[in-house]
Amino acid sequence: MKKKLGDFTGKIGDSLQIPKDLSYRESLLTLTGSRELYIENYKCIRQYQDTCIILLSRQNQIRIEGSCLTIVYYTDVEMKITGKISRILFL
């Protein structure tokens, strides 16, 4: 039932032209080249190493792979990751 309610809320958001990250409550990733990543709407940090960072979102896990990865800052809703980002996976 919860998934159907989320879909319904998202469809209402679509009709009102509300951004999808708000209406579907999904994560928003902004990648600048391969050196900087901003992530909004994540739940928690699951793993933090200089070669791999795993975050939990509402729908899945987000795995960021690369080298010299650093979380520059994070708040309850957003974070900035720098380093050489080679791959982003949704698991």
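Since every read-out is calculated from the coordinates, none of them should be taken as a lab result. Please read all numbers here as calculations on a predicted model, not as lab measurements. With ideal geometry, Cβ positions are generated from the backbone for all residues, glycine too; neighbour counts draw on all protein chains shown.
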Open item on the list: If packing is taken as the average count of other Cβ atoms within 10 Å, what order do 50-57, 71-78, 83-90 fall into, highest mean first?
Closed with: 50-57, 83-90, 71-78
Task: Where labels lie 7 Å past Cα in the beta-carbon direction, separation of V77 and E40 in nm - done: 0.8 nm
- [ ] Please work out how much length the chain gains when fully extended from N60 to Q47, using 0.36 nm per residue of separation minus the C-alpha to C-alpha distance, in nm with one decimal.
- [x] 3.3 nm
Task: Distance cut-off 15 Å, percentage of C-alpha pairs in region 27-90 lying past it - done: 40 percent
